[in-house]
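Here, each number is a calculation from the coordinates, and none is a lab measurement. As the structure is a prediction and not an experimental result, all values here were calculated from the model. In this analysis, Cβ positions are derived from the backbone assuming ideal geometry, glycine residues included, and neighbour counts consider all displayed protein chains.
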Amino acid sequence: MLLLLNNKLTKNMRKERFKVFVSVHLLFIEKDKILLLRRKNITSDGLYSVVAGHLDGGETVTQAMIREAKEETGIDIKPEDIDTRTVCHSYSNHNNKNLFNSMLFVKDGGAR
């Protein structure tokens, strides 16, 4: 039986909501070459990666891609430069997180 106070569950009865983290991975391809970056963060320090990051609160996947491209490479891209190819779900045993990963191609290397 649920105890309601002012049409809300009491604090000790609230169920934690399922959380999912969304990441974007951008493939900048130009003349059969793919841009790789050397990571400088805690989990993958020193490893090579494509341009990638997570959504910040209140932004769309497209906005996250544009922001990550600018933050990590200084390259300005427009929504029409982006060609979304796949979205997949993964689970990380390392940190017990569910992730939705978006793999995106930036047409002609993006704007400069």
**OP:** Give, as ranges by residue number, the residues of region 37-58 whose backbone N falls under 14 Å from the point 7 Å along Cα→Cβ of Glu71.
**Re:** 40-42, 51-58
**OP:** Find the eigenvalues of the gyration tensor of the Cα atoms of region 19-109, then list the square roots of 5 times those eigenvalues as equivalent ellipsoid semi-axes, largest first, in whole angstrom.
**Re:** 21, 16, 12
Subject >> Estimated inter-spin distance, Ile29 and His54, nm [label 7 Å along Cα→Cβ] >> reply: 2.8
Subject >> Total charge dipole magnitude, region 19-109, about the Cα centre, Cβ charges on Lys, Arg, Asp, Glu only, Debye to nearest 20 >> reply: 320
Subject >> Relative contact order [Cα under 8 Å, 6+ residues apart], region 19-109, whole percent >> reply: 38
Original post:
Considering only Cα-Cα distances, which of the following residue pairs are longer than 24 Å: Lys40/Lys78; Lys33/Lys78; Lys33/Lys97; Lys19/Lys40; Lys40/Lys97?
Top reply: Lys40/Lys78; Lys33/Lys97; Lys19/Lys40
